[in-house]
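Comments concern the structure below.
The values are calculated or read from the model by the stated rules, or taken from the named source; none is laboratory data. This one's a predicted model, so the numbers in the text were calculated from it and none came from an experiment. Note that each Cβ is placed from the backbone with ideal geometry, even for glycine, and that neighbours are counted across all protein chains shown.
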Amino acid sequence: MLALAVLIGVLWAMDVNYGAWVGAWLSPRNQYTAGFLVIVAISVSLTYMYAKHIGEKFPGPGYVRGLCFGAVFGALAIWVVPPVLSGIAEAVGNTQVVFQGRGITNDAKRADQAEHLTRVEPCPAIGSVEPPLRFMTEDHEWAPADAWKGRLLPFGVAFLLWGLVIGTFLSEEHKP
């Protein structure tokens, strides 16, 4: 959970609304709920996989193995996941169609093109605190599928730190 908090916290600090972005592909009307449920499920699954099957199979200290683990999933999040989700969204409207068996429609029961697009708002403030590092991403698009250059810094840093926490705390040095 600490690794997940670091991942989300770093992305929030850089004004990358990761939960809404992931959720926008799945359920545009419930972006936060869908996004954070998927992020938690995937992060917990990957952490378990690391702890049980991957973490001790490679040489080197735990933090290096964790950084490598984070780098792999950072690369996937930067270059692979967005085009795949975009392709699915383009093919079926968005993945919500798959789960509901119908297209997304407006009140007049006509296809609502606006709902087919994934639109992500800036990160909300937490209390009175705005994302302090938003200047690092404000001039770079990161949400469109082809905006991988804008994802390099925030996703790279966030996933490397995510992996570092996993590798550090789930290494054999910390087992009883």
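The single condition among (1) surrounded by fewer than 20 Cβ atoms within 10 Å (Cβ to Cβ); (2) modelled with pLDDT of 95 or more; (3) assigned to a helix (DSSP H, G or I) that residue 150 does not satisfy is (2). Scanning the range 118-147 for residues that are assigned to a helix (DSSP H, G or I), in contact (Cβ under 8 Å) with a residue 24 or more places away in the chain and of a type outside the set (Lys, Arg) yields one hit, 136. Residue pairs whose Cβ atoms lie under 6 Å apart, separated by 6 or more positions or on different chains, with the first residue in the range 52-80 and in contact (Cβ under 8 Å) with a residue 24 or more places away in the chain and surrounded by 15 or more Cβ atoms within 10 Å (Cβ to Cβ) and the second among the basic types (Lys, Arg) and part of a helix (DSSP H, G or I), are 78/151. The residue that is farthest from residue 51 (Cα to Cα), counting only those in the range 1-32 that are within 13 Å of the chain's Cα centre (by Cα) and hydroxyl-bearing (Ser, Thr, Tyr), is 32. Just one of the listed residues (44, 6, 97) is of a type in the set (A, V, I, L, M, F, W, C), modelled with pLDDT under 90 and either within 21 Å of residue 160 (Cα to Cα) or part of a helix (DSSP H, G or I) (or both), and it is 97. Report whether or not residue 32 is closer than 26 Å to residue 136 by Cα, of a type outside the set (Asp, Glu) and assigned to a helix (DSSP H, G or I). Yes: the conditions hold for residue 32. Residues in the range 122-147 that are among the aromatic types (Phe, Trp, Tyr) and either more than 21 Å from residue 74 (Cα to Cα) or surrounded by fewer than 11 Cβ atoms within 10 Å (Cβ to Cβ) (or both): 135 only.
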